[in-house]
Amino acid sequence: MNLRQVFTAPNQLTLLRMIFVPFAVNYLVDGHYLAALIVFVVAGFSDGLDGLLARRLHQQTLLGQYLDPIADKLLLSTMFLVLSILHKIPWKYTIVVFSRDISILAASAVLFAIAGLRNFKPSIFGKANTFSQISAVFFVLLFNIHPVRWAWIARVVLLRAVFFFTILSALHYLILVQQRLREPHALPPAPGH
């Protein structure tokens, strides 16, 4: 890997998003939900900005392709975990989110090890899942700042959307894995070839 990839503007923003995570956690644990929400929104803004900069500045890198989803998962999974520990998100949603991510990570590692497959592009269901997770965390935090009925309704609807899209995107990923493994070039050559 070229070290210059680390110093591109999009990758610096992605690394900054990772640095935001402990600050968000600290604010949540201390009960400062407004500060946690501000950090979360800034982190979300940086996610959109790094993708835009990568395209506009022609700085799309292999490192960025790996770092960006890692930063997203780190932020969202940590927020779900901490908010469940604080009894703000029911555990069933966090368990589903973690189960999907761990399963996909394990499947990806196995596929890379046995067949060298690694270029799985995000599906529409995966994007919907990420959007629903971001929105759910936003409204959970907002409801703790302003406990009004419409924020509670949005929180409930979006957490159910997280449950639905998490399972749907996991099933879709399994179908994609099966299709990729059926491709002739997906399997490694037999010994002696």
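Values for this structure:
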item	result
Tabulated pairs, region 21-46, first within 21 Å of residue 70 (Cβ to Cβ), second polar (S, T, N, Q), C-beta under 8 angstrom, 6+ apart or interchain	21/78; 24/78; 25/78; 46/14
Search result, residues across region 31-59 that are part of a helix (DSSP H, G or I) and at pLDDT 85 or above	33, 34, 35, 36, 37, 38, 39, 40, 41, 42, 43
Selected residue (only one of 184, 147 is surrounded by fewer than 15 Cβ atoms within 10 Å (Cβ to Cβ) and modelled with pLDDT of 85 or more)	147
Residues of region 129-158 satisfying the condition of being under 22 Å from residue 27 (Cα atoms), in a helix (DSSP H, G or I) and not aromatic (Phe, Trp, Tyr)	133, 134, 135, 136, 137, 140, 141, 142, 144, 145, 151, 155
Residue list for region 82-102, filter: in a helix (DSSP H, G or I) and under 13 Å from residue 136 (Cα atoms)	83, 84, 93, 94, 97
Qualifying residues in region 153-180 (those that are modelled with pLDDT of 90 or more and of a type in the set (Phe, Trp, Tyr)) - the one surrounded by the most Cβ atoms within 10 Å (Cβ to Cβ)	165
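Here's the yes/no breakdown for (1) modelled with pLDDT of 85 or more; (2) hydroxyl-bearing (Ser, Thr, Tyr); (3) crowded, with 17+ Cβ neighbours inside 10 Å:
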position: 10; (1), (2), (3): no, no, yes
position: 19; (1), (2), (3): yes, no, no
position: 29; (1), (2), (3): yes, no, no
position: 66; (1), (2), (3): no, yes, no
position: 70; (1), (2), (3): no, no, no
position: 75; (1), (2), (3): yes, no, yes
position: 85; (1), (2), (3): yes, no, no
position: 89; (1), (2), (3): yes, no, yes
position: 105; (1), (2), (3): no, no, no
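The values are calculated or read from the model by the stated rules, or taken from the named source; none is laboratory data. Just so you know, these numbers come straight off a predicted model, no measurement behind them. Backbone-built Cβ (ideal geometry, glycine too); neighbour counts: all protein chains shown.
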